[in-house]
Amino acid sequence: MVKTSIIGILTNVLLAAFKAVIGLMSNSIAVTLDAVNNLSDALSSIITIVGTKLAGKLPDKEHPLGYGRIEYLSALIVAGIVLYAGITSAVESVKKIITPEEPDYSMVALVIIASAVIVKIILGKYVKAQGEKVNSGSLVASGADAMFDAVLSFLVLVSAIIFLATGISLEAYVGALISVFIIKSGIDMIRDTLDEILGKRTDKAISKQIKEILTSEPEVRGAYDLILYNYGPNKDLASVHIELPDTMSVKDVDKLTRKVEAKIYEQTGIILAGMGVYSYNTEDSEAARMQNEVREKVLAHDWALQFHGFYVDIAAKEMRFDVVISFDIKPQEGLQILYEEMKKAYPEYTVHIISDVDISD
């Protein structure tokens, strides 16, 4: 990853130097802004290296889960630099639109700009591929930005050719267009990085895979409440509830949970750090009948997405279950409705209902 960033730094510094010279010699705002953009890319790569080094620090007493999340902060700084470059470019382009100046392109300038387009395409694909390979948000963002640069440099080239062919100068407008793309790229990068920092919905494919591993065990009737906790690229912890028969001993549960923890880590690389247990009735037909009745009542509401963890102690007159409530209704409001319905249907029972958040599919 560091090697990839160093390649990006050297390439962008060289491109920035060539474009800056061309931009000043030809009096071209578009080429000059393109050079500034390349220079910001080089600075972004430097920050990526620093972030990667810090993120790779071993866990310690103060940070037992490591420093992986630092990379998200470095990606956020990169996005901020890109956004700043875009805003600066927009300001300069507007100034040139108001007070236009004719550029003076040479054949050497056109060759260098065309070469820059090719170099940026190659660099963008390489950096993005390496970022996806090591699951690095910073590198993927840098690769995507490089591909944007290739498109923008191509627009600069086209505007230069149009000027030489017709005498019409479009470069200030091209500069403005460049700035719009840069600003959009910066905003998108900030949004994506903030999603990682804030925490986002568990990936559907991963959620399905983990639950299939759990329910492949004959004792597990269902897997619920799966939550993933991310501590940097390739470092995910998870917690989940599984539904087991009320006849299993603690020794059996311990053996089962250790087994599935190992399988999940082996197949997904995710550490199952916490596993809660729901018990279900196995020896009482009356309990099964009540469960079906309660499920029907609960799921009759559109905002009740899932019903699980049901257990009833008929002798003690106690009932408990969990409900996944959608974001369409306030959890307390949904619980109040369910408690009123349960009190009306089973007045002699003490009912405990847990409201679960719609975190994973």
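No value in this document is a laboratory result; all are computed from the given coordinates. Here the structure is a predicted model, which means the values were calculated and not measured. Cβ sites come from the backbone with ideal geometry, for glycine too, and all protein chains shown count toward neighbours.
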- Item | Residue among ASP203, ASP195, ASP60 with the largest mean-square fluctuation in a Gaussian network model of the chain, springs linking Cα atoms under 10 Å | ASP60
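Can you tell me what share of the DSSP beta bridges in the chain is antiparallel? A percent to the nearest 5 is fine.
The antiparallel proportion sits near 45 percent.
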- Task: Treating the angle as unsigned and between 0 and 90°, give the value, to the nearest 10°, between the Cα long axis of helix 70-98 and the longest Cα principal axis of the chain.
- Result: 40
- Item | Extension gain from ASP246 to THR99, taking 0.36 nm per residue of separation minus the Cα-Cα distance | 44.9 nm
- With each pseudo-label sitting 7 Å past Cα toward Cβ, what's the GLU132-ALA114 distance in nm, one decimal? 3.0
- Gaussian network model of the chain, springs between alpha carbon atoms under 10 Å - residue of ALA315, ALA205, ALA79 with greatest fluctuation: ALA315
- Note on the structure: To the nearest 0.05, the calculated FRET efficiency linking LEU10 and ALA273 through their beta-carbon distance, R0 being 41 Å, is 0.50
- Measure off 7 Å from each Cα along the Cα-to-Cβ vector at TYR265 and SER326, then give the distance between these two points in nanometres to one decimal. 3.9
- Query: Taking Cα pairs under 8 Å and at least six residues apart, what relative contact order does the chain come out at, in percent?
  - Reply: 14
- If the chain between SER216 and LEU65 were fully stretched, how many nm would it gain, using 0.36 nm times the residue separation less the Cα-Cα distance? 51.4 nm
- Query: Between SER355 and ILE187, what FRET efficiency follows from the Cβ-Cβ distance if R0 is 41 Å, with the result rounded to 0.05?
  - Reply: 0.70
- Message: Students often get this wrong, so try it: which of (1) 39, 22, 19; (2) 59, 23, 15; (3) 74, 25, 16 is semi-axes √(5λ) of the Cα gyration tensor in Å as calculated from the structure shown?
- Response: (2)
- Message: Suppose only helical runs count, i.e. DSSP H with n ≥ 4. What mean residue ellipticity at 222 nm does that imply for the chain under -39500 (n - 2.57) per run, divided by all residues and rounded to the nearest 500 deg cm²/dmol?
- Response: -22000 deg cm²/dmol
- Item | Nearby lysines by direct alpha-carbon distance to LYS251 (threshold 27 angstrom, same-chain neighbours under 8 apart not counted) | LYS211, LYS259, LYS263
- Note on the structure: Check: C-alpha center region 164-240 vs C-alpha center region 1-48, spacing in Å is 27
- Remind me, relative contact order of region 281-361 in percent, using alpha carbon pairs under 8 angstrom and six or more residues apart? 27
- Item | Degrees, to the nearest 10: 171-198 long Cα axis against longest axis of the chain | 20
- Task: Grab the beta carbon distance between LEU198 and ARG295, set R0 = 51 Å, and tell me the FRET efficiency rounded to 0.05.
- Result: 0.95
- Note on the structure: Pseudo-spin-label distance LYS208 to LEU305, built 7 Å along Cα→Cβ, given in nm, is 1.6
